[in-house]
Amino acid sequence: MEENKNELELIHSKALEDVANVKTSEDLQNVRNEYLSKKSKLMSLMASMREMTKEQKAEFGQIINKIKTEIAEKVEAKKEELEAKALNAKLEKEVIDFTLPSRSYSKGSKHPFQMVVDEVSQIFIGMGYDIAEGPEVETDEYNFELLNVPKGHPARDMQDSFFINESLLMRSQTSPVQAHVMKAANGVGPIKIISPGKVYRRDDDATHSHQFGQIEGLVIDKNINMGNLLSTLQLFVKKMFGEKREVRLRSSYFPFTEPSVEYDVSCFNCGGKGCSLCKGTGWIEIGGAGMVHPNVLKMSGFDEKEYQGFAFGVGVDRIAMLKYGIDDIRKLYTNDKRFNKQFNRD
Ligand code: FA5
């Protein structure tokens, strides 16, 4: 026991001396291994306690634990001291020259596409609509089937699409958001949403892009009729294109609305007299709309005898082109800062 105590005292004083002499973090790690690891001298002394009496074990155990704690504390303090030293050395080296001129940067501007989305959203938010979002990778079920376009329906050809596999595609319209929102409502109205987003079709010319934007509108409630649709479109068009603009509905066909219409706005270039922008007709088409088909209401969980609704869709790019006089849709997607800047009114 006495012999062990003497050895312990020797280890103790040597350990304190070694810690005090540490200069680098490697030195510190070596000291830690030597005195505190499982294979350290302290541990082997602990093993010798097996031959001691109960009282001796208690006494020796207490001393050894105290020494171990002290060494650990000194090692920790040394670690902090080394870290502080390293930090100070780094700070001294990294001198910042505040007199250097800053790097110049050019300010970006909002894209005309986003300007249209923001403006249309503000108009409809003002009319009490919520904004809804849907996935761009969509299932065939939502993009077509729940919109009354079963497999093999000829209306699918109008939206020649990018399929990922048999049942997944890049959505070809924002109309699937109608089904998502109706299903989430569990057959209980009212619903009043618009949904802006990107859509994809196999199109490519000066007025058609393979990626473009649409804004869907959906209202579901009791006693909804075509008059509500027309007045909503009139209000929207006047706010978006000016008080003098009129709306014209033309009969059309969409499988998910009945009756269906295409809606035109009186030409804002010539005021309806006829010019090159409206191709002499006095009207410019901006989207499709109609009363939600009873099959669509039913498939998304609404009682078609109790509820009616109207829906509409506008092309974001088409509006941007008309509003800002852009002659080629592809210019919207070239990411040219000089082009984008022209429309910034900030
Ligand atoms: C639709 O996509 C219907 N989902 C709209 C709708 C919604 C009808 C709700 C009824 C109820 P359409 O295929 O006509 O309809 O497209 C709507 C608008 O998207 C067009 O008027 C046009 O502005 C725009 N658009 C269509 N294809 C392209 C394209 N390739 N590039 C740019 N804009 C396009």
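The values are calculated or read from the model by the stated rules, or taken from the named source; none is laboratory data. Since we're looking at a predicted model, the values are computed, not measured. Here the Cβ positions follow ideal geometry from the backbone for every residue, glycine too, while neighbour counts run over all protein chains shown. Accessible surface is based on the protein model in full, side chains and every heavy atom, while ligands, DNA and RNA are left aside. Shrake-Rupley method; radii C 1.70, N 1.55, O 1.52, S 1.80 Å.
Structure data summary
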item: Karplus-derived 3J(HN,Hα), 6.51/-1.76/1.60, for each residue of region 151-165, Hz, glycine and proline x; result: 4, x, 5, x, 5, 5, 4, 5, 10, 3, 10, 8, 8, 9, 8
item: Ellipsoid equivalent to region 119-195 - semi-axes via the Cα gyration tensor, in Å; result: 25, 14, 11
item: Apportionment of accessible area to carbon and sulfur, the chain, percent (1.4 Å); result: 51 percent
item: Kirkwood hydrodynamic radius (C-alpha pairs) into Stokes-Einstein, region 66-109, 25 °C and 0.890 mPa s, D in µm²/s; result: 169 µm²/s
item: Nitroxide proxy distance, nm - points 7 Å out along Cα→Cβ at Gln114 and Lys14; result: 6.9 nm
item: Sparse-neighbourhood loop sites, chymotrypsin sites (Phe, Trp or Tyr not before Pro) in region 152-261 - DSSP loop, at most 15 other Cβ within 10 angstrom; result: Phe162
item: Local electrostatic count at Ile286 - Lys and Arg +1, Asp and Glu -1, tallied over other residues with Cβ under 14 Å; result: 0
item: Amide H contacts of Ser172 (H built 1.01 Å from N, under 5 Å, at least 5 apart or other chain); result: Tyr200
item: 5 angstrom amide H check on Trp283, placed H, neighbours 5+ away; result: Cys267
item: Solution diffusion estimate, µm²/s, Stokes-Einstein, region 222-328, Kirkwood Rh from C-alpha pairs, 4 °C, viscosity 1.567 mPa s; result: 87 µm²/s
item: Cα-based helix-to-principal-axis angle, 112-126 vs the chain, degrees rounded to 10; result: 80 degrees
item: Spacing of the two label points (7 Å from each Cα toward its C-beta) at Arg250 and Ser276, in nm; result: 2.2 nm
item: Trypsin sites (Lys or Arg not before Pro) restricted to region 118-209 and DSSP loop, no more than 15 other C-beta within 10 Å; result: Lys151, Arg202
item: Positive-end residue of Asn6, Asn143, Gly108, charge dipole of the chain with Cβ unit charges; result: Gly108
item: Residue-level accessible surface for Ser251, protein heavy atoms, 1.4 Å, Å²; result: 110 Å²
item: Surface per residue (accessible, 1.4 Å probe) for the chain, Å²; result: 57 Å²
item: Region 109-149: Cα Rg divided by the 2.2 N^0.38 Å rule of thumb; result: 1.59
item: Rg over Rh, two decimals, the chain (C-alpha only, Kirkwood Rh); result: 1.42
item: Shape call, region 2-93: gyration tensor on alpha carbons, a/c limit 1.5; result: prolate
item: Degrees separating the helix 226-241 axis from the principal Cα axis of the chain, which is the longest one; result: 70 degrees
item: Integer Hz, Karplus 6.51/-1.76/1.60 couplings in order for region 74-82, x for Gly and Pro; result: 5, 4, 4, 4, 5, 4, 4, 5, 5
item: In order through region 192-203: 3J(HN,Hα) via Karplus (6.51 cos²θ - 1.76 cosθ + 1.60), integer Hz, x for Gly, Pro; result: 8, 9, 10, 9, x, x, 8, 9, 9, 8, 7, 10
item: Ser104-Asp303 FRET efficiency (beta carbon distance; Förster radius 51 Å; 0.05 resolution); result: 0.20
